[in-house]
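Quick notes on the structure that follows.
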Amino acid sequence: MFVQRSSHFRPPADPATPMIMVGPGTGVAPFVAFLRERQARGATGPNWLFFGEQRRETDFYYADELLALQNAGVLSRLDVAFSRDQRSKIYVQDRMREHGAQLWAWLRDGAHLYVCGDATRMARDVDLALRDIAAAHGADPDDFVKQLSAEKRYLRDVY
Ligand SMILES: NC(=O)c1ccc[n+]([C@@H]2O[C@H](COP(=O)([O-])OP(=O)(O)OC[C@H]3O[C@@H](n4cnc5c(N)ncnc54)[C@H](OP(=O)(O)O)[C@@H]3O)[C@@H](O)[C@H]2O)c1
């Protein structure tokens with residue numbers, strides 16, 4: 001075990017800023033801390049989490065904590081993608097696309113978008129989904145992602 005600092009990967013400084021978190025697999029862990037911090041600070045910004053794993057029955061990490069945070073009104077939206085609970089795979093980026101219009105509205109409201117987990121496949125596919133959503137809403141995908149990154153609103157901790 002070792003500690004790897006990621007000083008850029010923090011909840012928004014402004015407690016009113018909406019937060020969208022994409023954390024399949026072990027990537028969900030920091031977002032539990034993000035949500036607890038928002039709760040402790042009494043942050044008013046809405047919080048949306050996309051979580052994915054293979055099977056709901058055995059792999060729904062932090063389920064109790066997440067449902068409690070949802071019941072407490074801290075986690076405003078929770079969308080899950082259990083890839084192997086049905087014949088064809090469903091991943092977090094499929095849920096993002098399903099709710100693309102709302103995701104776009106959150107981003108338009110100034111949401112910060114966080115991605116944590118697998119770097120090689122998931123982060124790339126989530127990035128593609130983000131670009132598709134931007135294009136579907138009339139934005140130039142490259143310009144949009146570039147601007148979001150420049151504004152430090154597209155933050156990733158991937159491994
Ligand atoms: N967990 C380990 O033992 C381990 C060991 C060494 C390194 N790592 C690193 O840690 C990363 C994260 O592993 P993890 O255990 O947290 O979970 P993960 O392997 O990222 O799997 C979590 C969920 O993501 C799904 N997934 C697979 N491909 C995807 C894609 N392209 N886009 C979106 N979702 C996708 C998986 O579905 P399916 O599996 O059904 O396809 C599963 O439902 C690994 O990819 C690897 O880089 C993990």
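The string of couplings for segment 76-93 from the Karplus curve (6.51, -1.76, 1.60, θ = phi - 60°) is 6, 9, 10, 10, 10, 9, 9, 5, 10, 8, 8, 4, 9, 5, 10, 10, 3, 5 Hz, one whole number per residue in order, with x for Gly and Pro. Rounded to the nearest 20 debye, the dipole size of the chain about its Cα centre is 160 debye, using +1 on the Cβ of Lys and Arg and -1 on the Cβ of Asp and Glu. Which shape class, rounded, prolate or oblate, goes with the chain when its Cα gyration tensor gives a ≥ b ≥ c as root eigenvalues, a/c under 1.5 marks rounded, and past that a/b bigger than b/c marks prolate? Verdict is rounded for the chain.
Counted by Cβ distance under 15 Å from THR120, the other residues give a net charge of -1, where Lys and Arg count +1 and Asp and Glu count -1.
Could you compute the net charge surrounding THR44? Neighbours are other residues with a C-beta less than 11 Å from the C-beta of THR44; K and R count +1, D and E count -1. Provide the component values of the computation, followed by the final result.
Numbers: positive: ARG38, ARG41; negative: ASP14.
Residues near THR44 contribute +1 overall.
Each Cα pair under 8 Å and six or more residues apart adds its sequence gap; the mean of these over the residue count of the chain is a relative contact order of 25 percent.
Where a number appears in this text, it was derived from the coordinates with a stated rule and is not lab data. Just so it is clear, the structure is predicted and the values come from calculations on it, not from any experiment. FYI the Cβ positions are ideal-geometry reconstructions off the backbone, even for glycines, and counts take in every protein chain you see.
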